[in-house]
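Student: Dropping the structure in here first, questions after.
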Amino acid sequence: MFKKGNKLYSIFNNKCPKCHEGEFFINSSPFKIKNNIKIYEKCSNCDLKYMIEPSFFYGAMYVSYALTVAFAIAIFVICHLLNLSLITTLVAILVTLVLLTPLTMRISRILYINMFVHYEKEV
């Protein structure tokens with residue numbers, strides 16, 4: 001779908017943002033809660049150090065917040081279009097956000113590192 005060199009390729013395939021070859025997360029499934037956001041220390045292909053500086057991924061919390069708000073607004077709009085009650089809408093938002101938390105955490109990390117590291121064709 002997305003080809004190498006595209007940031008979306010790195011994000012959707014959980015690949016190194018620099019070479020698009022090495023794996024980013026240790027576990028391929030976002031729903032293995034124990035090691036959900038555990039990442040490799042560096043890329044197996046290009047040796048990019050994923051933890052660019054100490055506490056680098058604290059900035060991913062802002063990305064996670066934005067994703068969570070976007071999901072909540074989308075669920076609210078869908079429920080409003082379906083003429084659901086306010087309580088039903090609230091429950092739908094809460095359930096959706098709880099179920100998507102592991103995925104949101106992973107997406108926010110890979111999005112955040114892709115903001116700072118760019119693809120290099122010849123690594």
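Student: Within the chain, what's the longest run with no GluC sites (Glu not before Pro) in a DSSP loop and at most 12 other beta-carbon atoms within 10 Å? Give the range, please. Could you put the intermediate results ahead of the total?
Tutor: Numbers: sites that count: Glu41, Glu122.
After excluding every exposed loop site, the longest remaining stretch is 42-121.
Student: Another one. Give me the distance between the Cα centres of segment 14-64 and segment 80-122, rounded to whole Å.
Tutor: 17 Å
Student: If I measure Cβ to Cβ between cysteines in the chain, which ones have no partner under 4.7 Å?
Tutor: If one checks each Cβ against the other cysteines of the chain, Cys79 turn up with nothing under 4.7 Å.
Student: Can you tell me which of 47-58, 93-104 comes out highest on packing, and rank the rest after it, using the mean Cβ neighbours within 10 Å?
Tutor: On the way: 47-58: 12.5, 93-104: 14.6.
Per-residue mean Cβ counts within 10 Å order the peptides as 93-104, 47-58.
Student: Would you please report the Å³ per residue occupied by the convex hull of the alpha carbon atoms in segment 34-123? Numbers along the way, then the final one.
Tutor: Numbers: hull volume 10.7 nm³, N = 90.
Value for segment 34-123: 119 Å³ per residue.
Student: Separation between the Met51 and Glu23 pseudo-spin-labels, each 7 Å from Cα along Cα→Cβ, expressed in nm?
Tutor: Each label point lies 7 Å from its Cα, and together they span 1.9 nm.
Student: Which value, in debye to the nearest 20, describes the size of the charge dipole of segment 7-116 about its Cα centre when Lys and Arg Cβ atoms bear +1, Asp and Glu Cβ atoms bear -1, and nothing else is charged? Each step should come with its number before you reach the end.
Tutor: Values: 10 positive and 5 negative charges, 25 e Å.
So the magnitude is around 120 debye.
Taken together, the values in this text are just the output of simple stated rules run on the coordinates, not laboratory data. All of these numbers come straight from a predicted model, not from anything done at the bench. Every residue, glycine among them, receives a Cβ derived from its backbone with ideal geometry; neighbour counts consider all protein chains shown.
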